[in-house]
Amino acid sequence: MKHQIKEANGKLGVLMPGLGAVATTFIAGVLSVTKGFSKPIGSVTQMGHIRLGKRTDNKNPLIKDFVPLAKLEDIVFGGWDVYEDNVYTAAVKAEVLDRFQIEAIKPELEAIIPMKAAFDKNFVKNLDGTHVKDFKTRYDLAQMVMEDIKTFQEENKVDRVVMVWCGSTEIYHEAADVHNSLAAFEQGLRENDERIAPSMIYAYAALKLGVPFANGAPNLTCDIPALVELAHQTKTPIAGKDFKTGQTLMKTILAPGLQARALGMEGWFSTNILGNRDGWVLDDPDNFKTKEVSKLGVLEDILSPEEYPDLYGDLYHKIRINYYPPRKDNKESWDNIDIFGWLGYKMQIKVNFLCRDSILAAPIVLDLALFIDFAKRAGMSGIQEWLSFYLKSPQTAPGLRPEHDIFKQLIKLQNTLRYLMGEDLITHLGLDYYEGIFDTE
Ligand SMILES: NC(=O)c1ccc[n+]([C@@H]2O[C@H](COP(=O)([O-])OP(=O)(O)OC[C@H]3O[C@@H](n4cnc5c(N)ncnc54)[C@H](O)[C@@H]3O)[C@@H](O)[C@H]2O)c1
């Protein structure tokens with residue numbers, strides 16, 4: 001049965017806390033595509049196909065033609081930042097896109113001016129921006145962010161809004177009692193409890209207004225019981241954490257393949273150099289710890305050493321990120337993988353990925369924004385695990401082990417779309433193609 005899905009009529013507002021490299025590359029990219037200057041490469045919603053029915057049916061529409069998603073021309077952008085640069089200036093400073101590409105859409109980019117940030121320097125020590133809201137309590141901050149959302153909606157005449165956190169990675173902290181229920185969280189806001197991170201305030205404000213929220217950084221943000229409770233209360237979808245780009249993307253492509261062939265692994269050493277503002281923020285050990293935890297979980301979960309002690313019982317996994325300004329957004333990563341095969345004979349794999357961080361992240365912002373808006377219109381609420389495909393550290397139901405294997409994640413995403421649109425799910429069993437081939441009657 002097809003779900004009751006509201007049409008994507010009118011404009012969709014995409015609000016982003018953090019208008020830095022990723023957000024500006026996303027905005028400039030969408031504008032460039034809508035003007036016909038470029039193609040949305042890397043966006044599964046725009047370029048990906050989905051098979052419907054049997055293989056012999058030859059039905060493989062584009063996802064955007066199968067699912068009622070907002071059109072790129074209907075997106076209106078907005079956001080907050082601790083620096084007051086408009087999106088044109090921020091995109092120039094980020095040095096991700098070629099200057100001619102930015103100049104071609106200069107007026108549109110200049111018109112997007114960040115709102116003052118809900119910020120607490122204790123959570124991102126390496127930033128010194130002053131474009132921030134004054135506040136007495138975190139409750140005031142939440143109210144101000146809600147006002148910002150409503151004003152944005154009215155001024156731009158948008159029908160629906162989604163929020164995608166593209167802000168810096170906050171320092172590592174674990175969920176505490178103040179995060180454990182909505183009542184405790186709201187009391188914490190009023191008492192200005194310093195364990196409530198700025199990203200949580202944006203998520204709270206969004207969810208309170210029924211605005212779907214996706215988290216592109218590894219911060220806890222909406223991955224706390226209080227905000228999951230609020231998401232259910234206001235029937236709002238959430239997803240997180242941490243855009244899956246670069247090195248972790250490679251890990252979740254390679255590791256499932258090696259494990260599928262029962263090859264053993266002794267060690268995986270990953271190192272990176274990058275020189276953008278994200279790299280500068282991650283140069284602080286407390287902020288790096290948040291990223292490290294997000295990146296480390298991936299291999300353990302894919303390889304399951306407890307189930308395969310002979311293959312992965314001694315696995316040593318190490319990750320390093322080094323801030324190196326000359327490279328700017330063009331991160332370079334090296335991976336050395338020590339594997340072993342038949343009778344324990346050792347082999348090595350080396351991966352040297354010269355990637356572009358924000359070029360890989362921008363289409364993820366687009367897809368998350370479009371899908372989480374779709375989820376809301378399809379009546380889904382709470383954690384959207386089917387969006388794990390895009391995320392390094394997927395948020396799941398309590399006690400549920402995340403699925404990191406990108407191929408299983410893709411099957412989950414596609415089957416969710418088929419399910420919501422009333423199509424048969426695809427199991428890839430395929431025995432029916434062989435039934436009756438040699439029957440003589
Ligand atoms: N680029 C990638 O491949 C990638 C992959 C995974 C995750 N991420 C995460 O995405 C986020 C954005 O990355 P980026 O490269 O654009 O970083 P960036 O430093 O260029 O941009 C982040 C922006 O957020 C702003 N900011 C910080 N705290 C804020 C707050 N409380 N309110 C409003 N603005 C705030 C900063 O001033 C900055 O301009 C980072 O957390 C990064 O770790 C990026």
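The numbers here are math on the coordinates, done by the rules we state, and not lab data. Keep in mind that this is a model prediction, so the values were computed, not measured. Virtual Cβ from ideal backbone geometry, glycine too; neighbours counted across all protein chains shown.
Shown is the FRET efficiency for His173 and Lys346, computed with R0 = 60 Å from the Cβ-Cβ distance and rounded to the nearest 0.05: 0.90.
By the beta-carbon count within 10 Å of each Cβ, the least crowded to most crowded order of Glu154, Glu300, fewest first, is Glu154, Glu300.
Taking amide H as placed 1.01 Å from N in the peptide plane, Thr236 has its amide H under 5 Å from the amide H of Gly382, each at least 5 places away in sequence or on another chain.
A full extension of the chain between Phe37 and Glu307 corresponds to an added length of 92.2 nm, given 0.36 nm per residue minus the alpha carbon distance. Amide H contacts under 5 Å for His317: Trp268, restricted to partners 5 or more places along the chain or on a different chain, H placed in the peptide plane at 1.01 Å from N.
Take the Cα of Gln143, go 7 Å toward its beta carbon, and the backbone nitrogen atoms of the stretch 180-215 under 17 Å from that spot belong to 186-193, 201-202, 204-206, 208-209. The alpha-carbon of Lys291 sits under 20 angstrom from the alpha-carbons of these lysines, leaving out residues fewer than 8 places away in its chain: Lys121, Lys125, Lys241, Lys244, Lys251, Lys318, Lys328, Lys331, Lys392.
In plain terms, the residue of Trp334, Trp386, Trp165, Trp80 with the fewest other Cβ atoms within 10 Å comes first and the most crowded comes last, giving Trp334, Trp386, Trp80, Trp165. Looking at the chain, do any whole DSSP H helices span at least 24 angstrom along their long axis by alpha carbon and average -1.0 or above on Kyte-Doolittle, and which? Membrane-span-like by this criterion, though nothing is claimed about a membrane: 138-156, 285-303, 357-377. In the stretch 23-91, the C-alpha radius of gyration followed by the widest Cα-Cα span (Dmax) gives 16.2, 55 angstrom. Taking a cut-off of 24 Å, what percent of all Cα-Cα pairs in the stretch 15-157 are separated by more than that? For the stretch 15-157, the share of Cα pairs beyond 24 Å comes to 45 percent.
When DSSP beta bridges are restricted to pairs lying wholly in the stretch 247-354, around 70% turn out antiparallel.
Distance from the alpha carbon centroid of the stretch 398-441 to that of the stretch 1-80 works out to 24 angstrom.
Loop-located trypsin sites (Lys or Arg not before Pro) in the stretch 156-238 (DSSP state other than H, G, I, E, B) with a sparse environment of at most 11 neighbouring Cβ atoms within 10 Å: Lys157.
Placing a label point 7 Å from the Cα of Trp280 along the Cα-to-Cβ direction, the residues of the stretch 11-38 whose backbone N falls under 13 Å from that point are 20-21. Secondary structure note: in the chain, about 45% of the DSSP beta bridges are antiparallel. Taking Asn330, Asn60, Asn322 in turn, the Gaussian network model of the chain (Cα-Cα springs below 10 Å) assigns the largest fluctuation to Asn60.
Counting neighbouring beta carbons within 10 Å and listing from fewest to most, the residues Tyr88, Tyr419, Tyr316, Tyr204 come out as Tyr316, Tyr419, Tyr88, Tyr204.
Simple point charges give the picture: +1 on the Cβ of Lys and Arg, -1 on the Cβ of Asp and Glu, and for the chain a dipole about the Cα centre of about 760 debye. For the pair Glu110 and Thr130, the difference between a 0.36 nm per residue extended length and the Cα-Cα distance amounts to 5.2 nm.
Think of the chain as having a plus end and a minus end, set by charges on the Cβ of Lys, Arg, Asp and Glu; of Ile349, Ala378, Ala104, Ala104 sits farthest toward the positive end of this dipole. Principal semi-axes of the equivalent ellipsoid, √(5λ) from the alpha carbon gyration tensor of the chain, are 34, 28, 23 Å from largest down. Along the charge dipole of the stretch 247-354, Cβ charges K/R +1 and D/E -1, which of Leu274, Gln247, Tyr316 sits furthest on the positive end? Positive-most Cα among the choices belongs to Leu274. Whole-Hz Karplus values for the stretch 379-392 come out as x, 7, 8, x, 5, 9, 5, 5, 8, 3, 3, 9, 10, 6 Hz, taken residue by residue from phi with 6.51 cos²θ - 1.76 cosθ + 1.60 and θ = phi - 60°; glycine and proline positions read x. Any idea which of Ala184, Val162, Ala142 is furthest toward the positive side of the dipole for the chain, if Lys and Arg beta-carbons carry +1 and Asp and Glu beta-carbons -1? Of Ala184, Val162, Ala142, it is Val162. Reducing the stretch 162-233 and the stretch 293-364 to their Cα centroids gives an inter-centroid distance of 29 Å.
If R0 is 22 Å, the Cβ-Cβ spacing of Leu296 and Tyr324 corresponds to a FRET efficiency of close to 0.55.
Residues whose amide H lies under 5 Å from that of Trp165, counting only those 5 or more places away or on a different chain, are Ala214, Asn215, Gly216; hydrogens are built 1.01 Å from N in the peptide plane.
Among the lysines of the stretch 1-107, pairs at least eight places apart or on separate chains and with Cα atoms under 27 Å apart come to 26.
With the convex hull of its Cα atoms as the shape, the stretch 259-391 has an orientation-averaged projected area of 10.2 nm². The stretch between Thr56 and Leu354, if pulled fully straight at 0.36 nm per residue, gains 103.3 nm over its current Cα-Cα span.
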